[in-house]
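Contents: one structure, followed by commentary.
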2 protein chains.
Amino acid sequence: MDNLTEKKISSTHIYEGIILDLYCDDVLLPNGNTSKREYIKHVGAACVVPVDNDGNVIIEKQFRYPFSAVLTEIPAGKLDSKKEPHLEAALRELKEETGYSAENMVYLGEYYPTCAYSDEVIHMYLATGLTQGAQKLDDDEFVGVEKVPLETLVDEIMKGNIKDGKTQTAILKAYLYLKNN
Amino acid sequence: MDNLTEKKISSTHIYEGIILDLYCDDVLLPNGNTSKREYIKHVGAACVVPVDNDGNVIIEKQFRYPFSAVLTEIPAGKLDSKKEPHLEAALRELKEETGYSAENMVYLGEYYPTCAYSDEVIHMYLATGLTQGAQKLDDDEFVGVEKVPLETLVDEIMKGNIKDGKTQTAILKAYLYLKNN
């Protein structure tokens with residue numbers, strides 16, 4: 001696929017924020033012209049579909065500022081660093097945000113939320129063998145926790161009522177995985 | 001869910017780029033503390049799962065600079081403006097990037113790629129009744145087009161071999177829709 005490859009000429013660090021780190025690079029296109037590529041560098045993240053023994057998923061209600069709305073999401077969070085194993089991050093975020101621990105974790109693969117302008121990778125997991133404990137949120141984190149049957153969530157996704165991308169992908173993958181295993 | 005809502009105190013426009021428009025707002029948290037929220041304003045986008053009469057999906061191979069890799073994706077593109085109907089954008093991007101026109105478009109709902117730090121909404125469609133024509137790409141766009149059976153793509157998604165988020169979500173939704181309709 002060498003006729004599709006773009007090559008970096010130079011890179012400018014535009015902004016270093018709390019969660020966003022923005023770059024603009026000059027690149028050489030496959031046809032010899034030049035262009036600019038703006039993108040975000042992100043540490044990476046993990047998300048979890050926690051399914052209990054009754055087939056319920058532990059989901060979250062969280063206010064998302066860019067949409068000024070409370071969204072339905074699965075537990076998720078950033079890696080502590082590029083080096084943190086994503087399984088550890090998944091178990092930690094599950095525990096902190098919902099209070100649940102999991103005995104079994106099935107890896108559901110990588111999810112690139114916005115490959116056009118961010119290098120973020122979210123690692124997806126299915127968690128089973130759940131044990132309930134206490135929520136332990138960060139200082140500026142406010143999360144409501146609910147239990148919803150997996151089949152109901154799949155219906156809601158098909159009806160367009162669950163909008164978050166990682167939540168749609170990971171729940172549909174968990175559903176198909178559990179049907180076939 | 002009023003106990004989850006965050007309120008804007010002030011907003012700073014950090015960067016106006018070609019595809020990215022970055023803001024950092026001071027916000028009032030549900031517990032009365034303040035915090036900062038960094039986010040991108042995006043015009044919105046549309047994506048399409050084009051399925052031909054033999055059950056093949058028209059997919060694309062595109063170099064994605066943030067990953068320095070060629071990814072497998074469905075046809076997609078930005079709206080021309082906030083006001084452009086997303087159905088029009090979906091049909092246009094399908095035509096420009098793959099050359100195909102579609103007789104039937106089924107709406108598969110909204111997809112929020114990164115609700116934590118972007119207000120981008122991608123509208124997902126299933127396209128059938130396809131007619132082939134000529135590709136008509138933008139000047140800095142290089143896209144390879146292939147036909148792959150829908151069932152093969154679902155297998156590849158389940159194996160973790162297709163990473164792009166909108167592609168995973170829209171193909172799994174199209175697959176479940178076609179199974180049930």
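The values are calculated or read from the model by the stated rules, or taken from the named source; none is laboratory data. This is a predicted model, so every value here is computed, not measured. Reconstructed Cβ throughout: ideal geometry from the backbone, glycine too, with neighbour counts over all protein chains shown.
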Check the stretch B:162-178 and report whether any residue there is more than 16 Å from the chain's Cα centre (by Cα), modelled with pLDDT of 95 or more and part of a loop (DSSP other than H, G, I, E, B).
no
Can you find even one residue in the stretch B:111-132 that is more than 14 Å from chain A (Cβ to nearest Cβ), free of Cβ contacts under 8 Å to residues at least 40 places away in the same chain and in a loop (DSSP other than H, G, I, E, B)?
yes
Only residues that are farther than 18 Å from B:Thr131 by Cβ and surrounded by 21 or more Cβ atoms within 10 Å (Cβ to Cβ): list them for the stretch B:44-59, please.
B:Ala45, B:Ala46, B:Cys47
In the stretch A:143-152, what residues are in contact (Cβ under 8 Å) with a residue 12 or more places away in the chain and not in a strand (DSSP E or B)?
A:Leu150, A:Glu151
Could you grab the pairs with beta carbons closer than 9 Å, sequence gap of 6+ or different chains, first residue in the stretch B:60-85 and assigned by TED's automatic domain parsing to the domain that holds B:Gly144, second one assigned to a loop (DSSP other than H, G, I, E, B) and among the polar types (S, T, N, Q)?
B:Phe63/A:Thr5; B:Pro66/A:Thr114; B:Ser68/A:Thr5; B:Val70/A:Thr5; B:Thr72/B:Asn161
Okay, strands (runs of 3 or more DSSP E) sitting entirely in the stretch B:1-54 with 3 or more residues that are touching a residue at least 60 places away in the same chain (Cβ under 8 Å) and either under 30 Å from A:Cys24 (Cα atoms) or away from chain A (no Cβ under 11 Å) (or both), I get B:34-41, B:45-50
Would it be correct to say that A:Glu141 is at pLDDT below 95 and out of contact with any strand residue (DSSP E or B) (no Cβ under 7 Å at 6 or more places or on another chain)?
yes
From (1) at pLDDT 95 or above; (2) part of a helix (DSSP H, G or I), pick out the condition that doesn't hold for B:Glu97.
(1)
Quick one: would you say A:Leu126 is surrounded by 15 or more Cβ atoms within 10 Å (Cβ to Cβ) and closer than 30 Å to B:Pro66 by Cβ?
yes
Has the stretch B:62-69 got any residue that is surrounded by fewer than 21 Cβ atoms within 10 Å (Cβ to Cβ) and either basic (Lys, Arg) or over 29 Å from A:Asp26 (Cβ atoms) (or both)?
no
In this structure, is A:Asp140 part of a loop (DSSP other than H, G, I, E, B) and either assigned by TED's automatic domain parsing to the domain that holds A:Ser68 or under 17 Å from A:Val48 (Cα atoms) (or both)?
yes
Look at A:Asp54 and say whether it is more than 23 Å from A:Leu22 (Cα to Cα) and either under 11 Å from the mean Cα position of the chain (by Cα) or not assigned by TED's automatic domain parsing to the domain that holds A:Ile18 (or both).
yes
Just one listed residue, out of B:Lys41, B:Lys82, is in contact with a Pro (Cβ under 9 Å, 6 or more places away or on another chain), modelled with pLDDT under 95 and surrounded by fewer than 16 Cβ atoms within 10 Å (Cβ to Cβ), and it is B:Lys41
Within the stretch A:120-131, can one find any residue that is of a type outside the set (Asp, Glu), at pLDDT below 95 and over 16 Å from the mean Cα position of the chain (by Cα)?
no
Out of B:Ile74, B:Ile171, I need the residue that is more than 8 Å from chain A (Cβ to nearest Cβ), buried (at least 20 other Cβ atoms within 10 Å of the Cβ) and in contact with an Asp or Glu (Cβ under 8 Å, 6 or more places away or on another chain). Which one?
B:Ile74
Members of the stretch A:106-123 that are among the hydrophobic types (A, V, I, L, M, F, W, C) and surrounded by fewer than 18 Cβ atoms within 10 Å (Cβ to Cβ):
A:Val106
Determine, yes or no, whether A:Leu94 is surrounded by fewer than 17 Cβ atoms within 10 Å (Cβ to Cβ), closer than 27 Å to B:Gly160 by Cα, more than 8 Å from every other protein chain (Cβ to nearest Cβ) and in contact (Cβ under 8 Å) with a residue 40 or more places away in the chain.
no
